[in-house]
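A.B. asks: One structure, as C-alpha cells, below. Some questions next.
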Amino acid sequence: MNLKKILITGGAGFIGSHLVRLFVNKYPDYKMVNLDKLTYAGNLANLTDIENAPNYEFIKGDIVDADFIHSLFKQYQFDAVIHLAAESHVDRSIASPMDFIMTNIVGTANLLNAAKANWTDLSSKLFYHVSTDEVYGSLGETGMFEETTPYDPRSPYSASKASSDHLVRAYYHTYKLPVVISNCSNNYGSHQFPEKLIPLFIHNIKNNKPLPVYGKGENIRDWLWVEDHARAIDVIFHKAKVGETYNIGGHNEWKNIDLIKVICKVMDKQLGRPEGTSEKLITYVTDRAGHDMRYAIDATKLKNELGWTPSLQFEEGIEKTIQWYLTNEEWLNNVTSGAYQHYYEKQYNNR
C-alpha cells in the first residue's frame, strides 16, 4: 500500500512524540501530520529536534470536533491514520469520566467516520488504532493477556478504550474499513508527563518528596520501553494484515513496590546519596478504586508473525530513563509548572 501521507493523532504526547520522531527521521518520503489538542500531556517541546523537518507538519485541534476532523481529512487526503490521541490516566478517569468518554470514544468515532467518508479506494488506506492492555481487566497470579482474551475493563479509562476498540472493529466488519489494532503494556521512558509512576517518583526523589504507593504496592505491571513500542508500531503499520490485533509487551513484570525500590536504588547511586536514602520516602496510601491486580502481555503473535521483540530489559531501560530525566531537569521543571504549554500556545497563536 502507498501509505505516504499519514495523520498521527496525539503526536505531541509521550508515546506519540516518540513515534512521530521515528517516522519523520526514518521515512523522509512520508508526509507526517501531527494532530494534537495540546492538553496538559501534549507538549511540542517533545519534538523540537524535528519541528522544522520538511516532511513534518503540526496542527492543533480536537478530535471531538467532528466538523474539524472531516475538513482536515478532506483537505489533506490522508493515506493512513495512526490514532494515539487519548485521555490516559486512570486516576483522572475516576474523577472526570466524561472527559474520557468524549475523547476516547466520540473522538475515535469522529476519526472513523471521517475516514469512511473520505476514503473511496480502501485498498490503499489504513486506520491503525493504538490501545492498551487495560481493556482486558485484571489477571490472577498466572496467565497472560492474549489477543483473544475477553474484554473486562474495570475503570472509566479502560472502559472508554475498550469501547473505542470495539468501534474500530465494528467499522472493519460493517464498512470494510481497513484497520489494525495494538494493545500495549505500561510504557516508560523519556518525555513522559510526571503524573505517571516512574517520572513522578524520579521527580519526587530528586526533591525529597513522599513516594505515594497504592495499597501494599503488590499490584503487578508489565513495563515496555517507549522506543520499543514505537518500533513495534512501525512494524505493525507496515507489515500487519488488515483486521488483525497485536499485543505489545516488554516481558518485564514487576510488583509496583519492587519497581519503586529499583528506582530508589538507581536514584541514590546517580545522585550520590547513601543507598537506602530514597526508600525512606515511600509512603503507603489508600488503594485506588477498582485497582487491577496484575497485567501481563503475551506478545508471541507479534514476534512470530512480524518479527518484533523488545530491545531492552527493565534494568537497562530504567537506567537510561532516569539519566534522561536528571539530565533534562529543565524539561521536567517546565512541564510540571506548565511553562512549556504557555510558551508553545503563544508561539502557535502568533503564527
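The values are calculated or read from the model by the stated rules, or taken from the named source; none is laboratory data. The structure presented is a predicted model; accordingly, all values stated were derived computationally and were not measured. Neighbour counts are summed over all protein chains in view; Cβ atoms, including those assigned to glycine, are modelled from backbone coordinates with ideal geometry.
A.B. asks: Taking D91, is it farther than 17 Å from A230 by Cβ, modelled with pLDDT under 95 and not in a strand (DSSP E or B)?
C.D. replies: yes
One line per residue, one yes/no per condition, for (1) among the basic types (K, R); (2) in contact with a strand residue (DSSP E or B) (Cβ under 8 Å, 6 or more places away or on another chain); (3) farther than 30 Å from E147 by Cβ; (4) free of Cβ contacts under 8 Å to residues at least 12 places away in the same chain:
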{"site": "C264", "(1), (2), (3), (4)": "no, yes, yes, no"}
{"site": "P274", "(1), (2), (3), (4)": "no, no, yes, yes"}
{"site": "D287", "(1), (2), (3), (4)": "no, yes, no, no"}
{"site": "D292", "(1), (2), (3), (4)": "no, no, no, no"}
{"site": "K301", "(1), (2), (3), (4)": "yes, yes, no, no"}
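A.B. asks: Picking from D91, D62, D121, D67, which residue would you name as being among the charged types (D, E, K, R), free of Cβ contacts under 8 Å to residues at least 24 places away in the same chain and farther than 20 Å from A240 by Cα?
C.D. replies: From the options D91, D62, D121, D67, the qualifying one is D67.
A.B. asks: Could you tell me whether Y157 is part of a loop (DSSP other than H, G, I, E, B) and under 24 Å from H229 (Cα atoms)?
C.D. replies: It is false that Y157 is part of a loop (DSSP other than H, G, I, E, B) and under 24 Å from H229 (Cα atoms).
A.B. asks: Among what's in the stretch 22-57 and is under 14 Å from the mean Cα position of the chain (by Cα) and not polar (S, T, N, Q), pick the residue that is nearest to W119 (Cα to Cα).
C.D. replies: The qualifying residue nearest to W119 (Cα to Cα) is D36.
A.B. asks: Next question, about the same structure. Which condition from (1) more than 30 Å from L281 (Cα to Cα); (2) not in a loop (DSSP other than H, G, I, E, B) is the one that D152 breaks?
C.D. replies: Every condition holds for D152 apart from (2).
Quick grid of which residues meet (1) surrounded by fewer than 22 Cβ atoms within 10 Å (Cβ to Cβ); (2) free of Cβ contacts under 8 Å to residues at least 40 places away in the same chain:
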position: M98; (1), (2): yes, yes
position: E134; (1), (2): no, no
position: L139; (1), (2): yes, no
position: N183; (1), (2): no, no
position: N187; (1), (2): no, no
position: H191; (1), (2): no, no
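A.B. asks: If we scan the stretch 230-253, do we find a residue that is buried (at least 17 other Cβ atoms within 10 Å of the Cβ) and over 24 Å from I181 (Cα atoms)?
C.D. replies: The answer is no, given that none of the residues of the stretch 230-253 is buried (at least 17 other Cβ atoms within 10 Å of the Cβ) and over 24 Å from I181 (Cα atoms).
A.B. asks: Then there is this: If a residue must be aliphatic (A, V, I, L, M), at pLDDT 95 or above and not in a helix (DSSP H, G or I), how many such residues does the stretch 24-48 contain?
C.D. replies: Adding up the residues that qualify gives 3.
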